[in-house]
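For reference, the structure is listed below as structure tokens.
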Amino acid sequence: MQDRMAQRGRLAGKTAIVTGAAGGIGRATVEAFLREGAQVVAMDLTAPLARIAFEGDGVIRIACDLADRAAIQAATDEAVSKLGGLDILVASGALKGGTGNFIDLTDADWDRYVDVNLTGTFLACRAAARAMVAGGKGGRIITIGSVNSFLSEPEAAAYVAAKGGVAMLTRAMAVDLAKYGILANMIAPGPVDVTGNNTGYSEPKLAGEVRDEVALGRPGLPQEVATAAVFLAEAGSSFITGSTITIDGGMSAMIFGGMRGR
Ligand SMILES: NC(=O)c1ccc[n+]([C@@H]2O[C@H](COP(=O)([O-])OP(=O)(O)OC[C@H]3O[C@@H](n4cnc5c(N)ncnc54)[C@H](O)[C@@H]3O)[C@@H](O)[C@H]2O)c1
């Protein structure tokens, strides 16, 4: 276990839960938080959590299925008890991918995406907010939405609708939790290569799309998202709530990117 008081960094002495911690962005966030001196609980499904190795010591792992309502509260209670309180939640856990054309979208796929990506995010945030209120020191809730929280794309209606919900959930939390000193903000990533070796976007068609549609001409790195999570968690961002930080290399600033002839 880390000695919290001995840690230095922008999050020294802070406690955090990161959901989706075994995923690309979640893992980078855990590692960035550790480097900044926070004490971190990593949450994810049992198998990915068992497989993942974190750079840094003292990560507490707690398995939790975001589709299991009772499990989320129990996992948060366990985390808060092990951490001795809770200052920060990063809600990164989600199902990704498309579900086909809207006309063929099944009830089961709709439910799966909404249950994990929207309801699971809500439950993790509510459990964290209650712990923060009980702690009486305020806190920071950081949701990981997507550019799909405000822009659609083909064959992803369930994902897009759930991510749109996360955007408004975050604003609603910012409004209701302000009186407790809890700030809530969303990070909206564009394409982020979570494979760690740039293979995620090496498939020629996808690589071409990213070159055309992202102003910077490349996918982002998980660390480039984690850096914003640190910023939203640290003391200096104390007047930012209900906001969105878009990290998409300029993708959503642009239309007709394919005409640039890169
Ligand atoms: N990578 C991107 O291009 C990108 C773009 C926009 C938004 N995002 C968002 O960023 C967040 C992190 O994505 P990532 O790219 O790191 O993806 P990832 O697939 O690497 O990580 C997601 C994690 O969520 C976990 N998860 C899935 N279902 C779960 C469940 N039922 N219970 C608990 N955990 C569950 C997975 O096990 C995985 O570790 C997600 O919310 C995603 O929608 C990612």
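The values are calculated or read from the model by the stated rules, or taken from the named source; none is laboratory data. Please read these numbers as outputs of a predicted model, since none were measured by experiment. Here Cβ is always computed from backbone atoms with ideal geometry, including for glycine, and neighbour counts include all displayed protein chains. Side chains included, ligands, DNA and RNA excluded: accessible areas come from the protein's heavy atoms. Shrake-Rupley method; radii C 1.70, N 1.55, O 1.52, S 1.80 Å.
Specify the residue that is modelled with the highest pLDDT; the eligible residues are those in segment 1-60 that are of a type in the set (S, T, N, Q) and part of a loop (DSSP other than H, G, I, E, B).
Step by step, filter segment 1-60, then rank; the result is Q7.
Considering (1) within 13 Å of the ligand (Cβ to nearest atom); (2) surrounded by fewer than 18 Cβ atoms within 10 Å (Cβ to Cβ), say which one A134 fails and leave the rest.
Here A134 clears every test but (1).
How many residues does segment 80-92 hold that are among the hydroxyl-bearing types (S, T, Y) and either closer than 11 Å to V40 by Cα or open to solvent by 30 Å² or more (accessible area, probe 1.4 Å) (or both)?
1
Looking for whichever is farther than 20 Å from R10 by Cβ and open to solvent by 20 Å² or more (accessible area, probe 1.4 Å) here; the options are I255, I247, I240. Which one fits?
The conditions single out I255.
Which count do you get for residues in segment 60-79 that are open to solvent by less than 50 Å² (accessible area, probe 1.4 Å), touching a strand residue (DSSP E or B) at 6+ places or on another chain (Cβ under 8 Å) and either more than 14 Å from the ligand (Cβ to nearest atom) or farther than 23 Å from E31 by Cβ (or both)?
Qualifying residue count for the region: 1.
How many residues does segment 172-208 contain that are touching a residue at least 12 places away in the same chain (Cβ under 8 Å), assigned to a helix (DSSP H, G or I) and not hydrophobic (A, V, I, L, M, F, W, C)?
1
Just give me the residues in segment 202-232 being within 13 Å of the ligand (Cβ to nearest atom) and buried (at least 19 other Cβ atoms within 10 Å of the Cβ), in sequence order.
Listed by number, the residues that qualify are V210, E213, V214, P219, G220, P222, V225, A226, A228, A229.
Within segment 67-138, considering only helices (runs of 4 or more DSSP H) that don't extend past its boundaries, which have at least 1 residues that are under 26 Å from A235 (Cα atoms) and without any contact (Cβ under 8 Å) to a residue 12 or more places away in the chain?
69-83, 120-135
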